[in-house]
Amino acid sequence: MEDTKLTTTNCIPPVSTDNKPRVLAFDFARGIAILMMVLIHTAVFIGGHDLINTPTGYIVNSFVCIFAAPVFMFVMGILFSLSSKTTFGVQLSRGFIILLLGYGLNFLRGTLPISLAMLFGWVEDDYPLEYMLEDDILQFAGIALIAMTLVKRAIPWSPVWFLLGLGVVIISPFVWNHGSDNSIVNYVLSLFFGGEEYNYFPFFPWSAFPLIGMAYGDYFKRTKEQKRFFINGSYPGIILIIAGLLFELKFKTGIWTDWYLGKYRQGQIPIPVVMIFSGFQFLWIPLCHVITTKIRENRFFTLLFFWSKNVTSFYVIQWIIIGWVCVVLMEIEWPAVILLVIVITFFTDKFVRLYNNLKKEKTQVK
């Protein structure tokens, strides 16, 4: 995978994975996404409804989010194409493990703290077991990884992956909320088609991001001139953004008003939004490439690369911290939110490093 090397005379050496170089642009994008994720989670789940309805809250809820979940999923698709762990069985098992990890996280960040908070009288009239059913990004990531593995095995042509991603965008509004009278079947269907609550990342339309990212990563793997690739790769992004804007002008779905009002919290984001968000990735990744090749090594970059390399453990730990903070601290104002974001990020970083050290010691003992 020598094509994934970057010339880094002016920046920090690439973080390695599987003994091969990592691409700094992808790690930088995902590191920024981690920061935005902590900001959004803190503002929405600790700041509360009133905070989100402030002008600053509108910006966070409506625009900052474009740097978070869509980037995670797009980069996930890219790295899936670049990964050396390409065996069918390994990828399928990883998908199922991530899916199960999502439910374990639901217990640790939701059911457990809420149960204890009710026991001590801190929270009233809540239903702790309902938190176990949340369809968050880990559940979606697990299902998406399984789907990408099956797609790659059945259709080994990256242009088709891109078209499948666009197909997901188009058909999603027609399959939303298709459920069943059977509660178990209905829950399984909600993971794919969304529902009224607790379905933040239904497969339709969110799988568009990793599928398109998967095609992007395959083209990147084959390129011989990375600078030219990033320039040419921006053109599909411009086309997608223009297409999304034209779609909105033609059909007037009301995305701007609805997005501000948080109407898409259940993950059922409409066609123009998915197109615009997807197109943004084709412009954001090249910008990250420019940043990581033109700016010299610094501690901030080092942190971003470390967080990106440990994205799953960082995601799990920050959610556990936020879940427990929620039961004792709610409805804080903006200056306090920013301070809390810094504190949560700091302690998450420390716990991730502690977790890595414990894993290393366990490996050495074996």
Worksheet item: For the stretch 79-226, what is the largest minus smallest coordinate of the Cα atoms on each principal axis, given in angstrom and ordered from greatest to least?
Response: 62, 33, 27
Worksheet, complete the sentence: Out of VAL38, PHE96, ASN199 - ranked by how far each Cα lies towards the positive end of the dipole of the chain, with unit charges on the beta-carbon of charged residues - the top one is PHE96
Item to complete: With an 8 Å cut-off on Cα pairs and a minimum separation of 6 or more residues, tell me the relative contact order of the chain in percent.
Response: 29 percent
Item to complete: Along Cα→Cβ, 7 Å out, is where each label goes; now give me the distance between the ones at TYR235 and LEU354 in nm to one decimal.
Response: 5.2 nm
Item to complete: Express the relative contact order of the stretch 189-255 as a whole percentage, based on alpha carbon pairs under 8 Å and six or more residues apart in sequence.
Response: 14 percent
Worksheet entry | Separation of alpha-carbon centers, the stretch 274-298 and the stretch 25-87, rounded to whole Å | 14 Å
Response to the item:
Filtering the chain for DSSP H helices with an axial alpha carbon extent of at least 24 Å and a Kyte-Doolittle mean of at least -0.5 returns 24-42, 88-106, 137-154, 158-175, 226-251, 271-294, 334-365
Worksheet entry | Value at 222 nm in deg cm²/dmol, rounded to 500, when DSSP H runs of n ≥ 4 in the chain each add -39,500 (n - 2.57) | -22500 deg cm²/dmol
Discussion item. For a quick check, take a GNM of the chain with Cα springs below 10 Å and name the residue from PHE140, PHE26, PHE247 with the largest mean-square fluctuation.
Written reply: PHE247
Worksheet item: What span do the alpha-carbon atoms of the stretch 16-158 cover on each of the three principal axes, reported in whole Å from largest to smallest?
Response: 53, 34, 28
Item to complete: Would you mind telling me which residue in ASN106, ASN298, ASN232 has the biggest mean-square fluctuation in a Gaussian network model of the chain, where springs connect alpha carbons within a distance under 10 angstrom?
Response: ASN298
Fill in: Longest to shortest principal axis, alpha-carbon extents of the chain, angstrom
62, 56, 43
Fill in: Tensor-based shape of the stretch 59-119 (alpha-carbon gyration tensor, a/c under 1.5 rounded, otherwise prolate or oblate)
oblate
Item to complete: Compare ARG228, ARG353, ARG94 in a GNM of the chain, Cα atoms joined below 10 Å, and give the one with the largest fluctuation.
Response: ARG228
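Taken together, the values in this text are just the output of simple stated rules run on the coordinates, not laboratory data. None of these values were measured; they are calculated from a predicted model. Methodologically, a virtual Cβ is constructed for each residue, glycine included, from the backbone with ideal geometry; neighbour enumeration extends over all protein chains shown.
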